[in-house]
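Some notes on the structure that comes next.
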Amino acid sequence: MNAVPAISLRGLTKSFGSVSAVDHLDLDIASGEFFSMLGPSGSGKTTVLRMIAGFELPSSGTVSLNGRDVTELAPFDRDVNTVFQDYALFGHMSVFENVEYGLKVRKLAKDVRKAKVMEALDTVRLADFADRRPAQLSGGQRQRIALARAVVVEPKVLLLDEPLGALDLKLREQMQIELKQLQRDLAITFVFVTHDQEEALTLSDRIAVFNNGKIEQLGTPQELYEKPKSEFVAGFVGTSNIFSEKDAQSLFGKKGKFALRPEKVEVSERKKTGSIQGVVAEVIYLGSFTRLIVDVSGIQIKATVPADIFHRNQTVQINMSSTDLVAL
């Protein structure tokens, strides 16, 4: 990765009237990185993406791309391209013409355009569909057209605004794998906006978790999952048990607020050293695993077990190690 960040944001702020959508944001994104901005609706992530693209001007602060200040530049003067959730394809054009459009605007020679378009379509495995119209293709194929059109102009940065949100689950999972492979093949910076934490964990080199216009935590998927720094991150990235100071004192004899992932909770029918008795309040079958909610003296504890071997109202023993607790 280059020493100069692909994207550098300094003191970035955006207000809409009295509402602060982005609040004094500082962020560097490395060249060649698959970077995700994760957060709920209204957290500021899409507004940040739009300011990087040039679709929104900051209220204050700067946007730099590869060391160049582009804060005041129009979108077409920035070396970035954007893929939207609705794909924004031209319905009256063929797949080839859609992908070619950006190259025609740049006035490249016809033979150069053709070679570049076919190379881009090969990359997304759509070369055999070049003469079709977008309406004749599936949602996943239309998504690939949008990607080919975005990468054919060879931007240094590709911005993706919830591009998989309109796809069904199975197709979305397939496209996640293809997106990651495409990013590796192209070796360009991807900035991916999503509210889907599983998607962010699957795809990203690093993730910024947004909340109320600020970055709540920045780190690798493993860091965010294993070491959340706040109750918001622990609850938004995956599923966690959040123990209040009172609960932590009662269960572990520890002061403070803590998080514990459900897979760290051991559930059994037999009493073991250090186990606590509880009653299964809920059984949630999730295919490859089952989620239990166990009531321990009024404290609801979530646990993950490998098979559907417990039932509601069953008395069970649970074991939790204080070494697995994450202080918040």
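The values are calculated or read from the model by the stated rules, or taken from the named source; none is laboratory data. Here the structure is a predicted model, which is why all the values come from computation and not from measurement. When we count neighbours, we look across all protein chains shown, and the Cβ atoms used for this are built from the backbone with ideal geometry, even at glycine. The area values use the complete protein model at the heavy-atom level, side chains included, leaving out ligands, DNA and RNA. Shrake-Rupley method; radii C 1.70, N 1.55, O 1.52, S 1.80 Å.
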> Per the Kirkwood formula on distinct C-alpha pairs, the Rh of the range 43-202 is how many angstrom?
Replying inline: 16.4 Å
>> Give me the 1.4 Å probe accessible area per residue for the range 5-63, excluding ligands and nucleic acids, in Å².
In response: 34 Å²
>> Distances longer than 21 Å among the Cα atoms of the range 123-252: what percent of all pairs is that?
In response: 51 percent
>> Antiparallel versus total DSSP beta bridges in the chain: what percent is that, nearest 5?
In response: 70 percent
> Taking the chain as a Gaussian network, where each spring joins two C-alpha atoms under 10 Å apart, which residue of A150, A109, A259 fluctuates the most?
Replying inline: A109
> What's the long-distance tail for the range 215-328, i.e. % of Cα pairs beyond 18 Å?
Replying inline: 50 percent
>> Charges on Cβ only, +1 for Lys and Arg, -1 for Asp and Glu, centred on the Cα centroid of the range 99-218; of S204, M118, F190, which one is farthest towards the dipole's positive end?
In response: M118
> Taking Rh as the Kirkwood radius computed over C-alpha pairs, what is the Stokes-Einstein D of the range 73-132 at 25 °C in a medium of viscosity 0.890 mPa s, expressed in µm² per second?
Replying inline: 195 µm²/s
> Where the centroid of each part is defined by its Cα atoms, how far is the range 70-92 from the range 205-268 in Å?
Replying inline: 36 Å
> Are there GluC sites (Glu not before Pro) in the range 233-328 that DSSP marks as loop and that have at most 14 other Cβ atoms within 10 Å, and which are they?
Replying inline: E269
>> Which residue fluctuates most in the GNM of the chain (Cα springs below 10 Å): N211, N66, N313?
In response: N313
> Expressed as a whole percentage, what fraction of the accessible surface of the range 162-286 belongs to carbon and sulfur atoms when a 1.4 Å probe is rolled over the protein heavy atoms?
Replying inline: 47 percent
>> From the gyration tensor of the Cα coordinates in the range 1-135, what semi-axes in whole Å does the equivalent ellipsoid have, largest first, with each one equal to sqrt(5λ)?
In response: 33, 18, 14
>> So if I take the alpha carbon set of the range 1-78, get Rg, then get Rh from the Kirkwood formula, what is the Rg over Rh ratio?
In response: 0.96
>> What's the magnitude of the charge dipole for the chain around its Cα centre, counting Lys and Arg as +1 and Asp and Glu as -1 at the beta-carbon? Answer in Debye, nearest 20.
In response: 40 debye
> Based only on the alpha carbon positions, what is the Kirkwood hydrodynamic radius of the range 76-170, in angstrom?
Replying inline: 13.4 Å
>> I'd like the Karplus ³J(HN,Hα) series for the range 286-296: coefficients 6.51, -1.76, 1.60, θ = phi - 60°, whole numbers in Hz, and an x wherever there's a Gly or Pro.
In response: 10, x, 6, 8, 10, 9, 9, 10, 10, 8, 10
>> Compute the orientation-averaged projected area for the chain from the convex hull of its Cα atoms and round it to one decimal in nm².
In response: 20.4 nm²
> Out of the range 119-193, which GluC sites (Glu not before Pro) are coil in DSSP terms and have no more than 12 other C-beta atoms within 10 Å?
Replying inline: none
>> Can you show me the helix-derived [θ] at 222 nm for the chain, built from DSSP H runs with n ≥ 4 at -39,500 (n - 2.57) apiece and divided by the number of residues, rounded to the nearest 500.
In response: -8500 deg cm²/dmol
>> Quick check for you: with a 1.4 Å probe and neighbouring chains kept, what is the accessible area per residue of the range 108-256, in Å²?
In response: 48 Å²
>> Out of the total accessible area of the range 79-119 (probe 1.4 Å, heavy atoms of protein only), what percent is carbon and sulfur?
In response: 55 percent
> Over the alpha carbons of the range 161-229, what is the largest minus smallest coordinate on each principal axis, giving the biggest first in Å?
Replying inline: 32, 26, 22
